[in-house]
Structure formats: structure tokens, C-alpha cells
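These notes are about the structure you will find just below.
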Amino acid sequence: MSVPSLAMEDAGDSQHQEARTARLERILRRDGPACVWCGRRLGDPLVPATTEHVVPRVKGGPSWIENEVAACKRCNGERGHRTPAEWLDECERRGWDPSPKLIIASLERLAQAIERRGGQRRARPYLASQLRRLHRRSPYIPRIEVRGAPDRPA
Ligand SMILES: [Zn+2]
């Protein structure tokens, strides 16, 4: 009796794993094969790739691909509860090579997706304040105008 149930569990796990792998591959094709926080090349056995939420789930960030970037396991784990802006600063203090450009692009993509789909009220103020902070911090990165963006009047 336990054999069919184990087989079903395995199938479920491997389908879940396939979905995660496919999602990670889409993100890597979109953003390139480097960790957004340290710049190391992902996929090396010593630099395992993970996906992480730019706006954390605990702050209302949705599990949408627009809110996900690829990071190495170390950086994903060490970020903890820091905001993207705080963690970018810390990565630079550590002498790593983070990508404010990819983080800003992710936040802007998420703002556009929220504009299209609506909802996500909890994520909006966090998203807006991070975009303001990151554009102040990296003024050389061009802004994308998002119609009715969370921090602008519609
Ligand atoms: Zn990293």
C-alpha cells in the first residue's frame, strides 16, 4: 500500500521541482546568469542558484515572476529582512558586485504588473519607497515612467 502513495509523493515533488527549475531558467534568460547581489556566475556547483522575492512576501510582495530575481544561495540567505536598498549597500560594503539596475528593473516591472492586475495594497508603499530610494542612490539608471504607479497620482 505504501508504494503507490510514495510514488505519488515523488511525482508531486518532482513536478514541483520542475516548475521551480523552469521559473529559474526564465529568470536567468531575462536577467543573465549572475547573482543580483554579488555578481558571481550562477550554476557553478559552488554558487547554487535560487529565486528570491525583491519585495519580500512578509511585506506583501506577490509570488509573481516580476517580483523574483536570481540570487546565489549565500546572498539569498544572508539578506534576511533587509530591504533591497539596504542589502545593495551592504553588498557594496563587502566588496561584492551587485546589480542595482536589475533590482530597479524588477521593482519597476512589479509596479507595472500591479498597475495592470490591481490589488497588492500591502506591497505598494514598500515598492514605492524602495524605488525612490534606489533612484536617489543610483541616479545614472534611467527611470521608467509607470502610468498610475503606486507613488504617483493616477
Ligand atoms: Zn550572491
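The values are calculated or read from the model by the stated rules, or taken from the named source; none is laboratory data. What you are looking at is a predicted structure, and each value in this text was computed from that prediction instead of being measured. Don't worry about glycine lacking a Cβ; one is built from the backbone with ideal geometry, like all the others, and counts go over all protein chains shown.
Which number in (1) loosely packed, with under 14 Cβ neighbours inside 10 Å; (2) touching a residue at least 60 places away in the same chain (Cβ under 8 Å) marks the one condition that Arg57 misses?
(2)
In region 72-113, how many residues are β-branched (Val, Ile, Thr) and touching a residue at least 40 places away in the same chain (Cβ under 8 Å)? Can you show your working first?
Kept after step one, since they are β-branched (Val, Ile, Thr), are these residues of region 72-113: 83, 103-104.
Right, trim to touching a residue at least 40 places away in the same chain (Cβ under 8 Å) and you get 83, 103.
Adding up the residues that qualify gives 2.
How many residues are over 17 Å from Ala22 (Cα atoms) and among the β-branched types (Val, Ile, Thr) when one looks only at region 47-77?
Step one: list which residues in region 47-77 are over 17 Å from Ala22 (Cα atoms), which gives 47, 54-62, 73-77.
Still in the list and also among the β-branched types (Val, Ile, Thr): 47, 54-55, 58.
Total meeting the criteria: 4.
Considering each residue of region 109-122, count those that are outside any helix (DSSP H, G or I) and buried (at least 23 other Cβ atoms within 10 Å of the Cβ), and give that number.
0
Of all residues in region 65-85 being part of a loop (DSSP other than H, G, I, E, B) and modelled with pLDDT of 95 or more, which is farthest from the ligand (Cβ to nearest atom)? Walk me through it before giving the result.
Taking region 65-85 first, the residues part of a loop (DSSP other than H, G, I, E, B) are 80-83.
Then keep just the ones that are modelled with pLDDT of 95 or more; that gives 82-83.
Values: Arg82: 14, Thr83: 17 Å.
Ranking the candidates gives Thr83 first.
Can you name every residue in region 32-43 that is closer than 14 Å to Cys75 by Cβ and either touching a strand residue (DSSP E or B) at 6+ places or on another chain (Cβ under 8 Å) or loosely packed, with under 14 Cβ neighbours inside 10 Å (or both)?
Just the residues of region 32-43 that are closer than 14 Å to Cys75 by Cβ, to begin with: 34-42.
Those that are closer than 14 Å to Cys75 by Cβ and either touching a strand residue (DSSP E or B) at 6+ places or on another chain (Cβ under 8 Å) or loosely packed, with under 14 Cβ neighbours inside 10 Å (or both): Ala34, Cys35, Val36, Trp37, Cys38, Arg40, Arg41, Leu42.
If you take the residues in region 86-108 that are assigned to a helix (DSSP H, G or I) and hydrophobic (A, V, I, L, M, F, W, C), which one is nearest to the ligand (Cβ to nearest atom)? Steps first, answer last, please.
Our first condition is that a residue be assigned to a helix (DSSP H, G or I); within region 86-108, this holds for 86-93, 100-108.
Okay, now just the ones that are also hydrophobic (A, V, I, L, M, F, W, C), so 87-88, 91, 102-105, 107.
Details: Trp87: 11, Leu88: 12, Cys91: 8, Leu102: 12, Ile103: 13, Ile104: 18, Ala105: 17, Leu107: 19 Å.
Step by step, filter region 86-108, then rank; the result is Cys91.
Residue under question is Leu28, and the condition is that it be outside any loop (DSSP other than H, G, I, E, B), closer than 20 Å to Ser138 by Cα, more than 9 Å from the ligand (Cβ to nearest atom) and out of contact with any Cys (no Cβ under 7 Å at 6 or more places or on another chain); does it hold?
no
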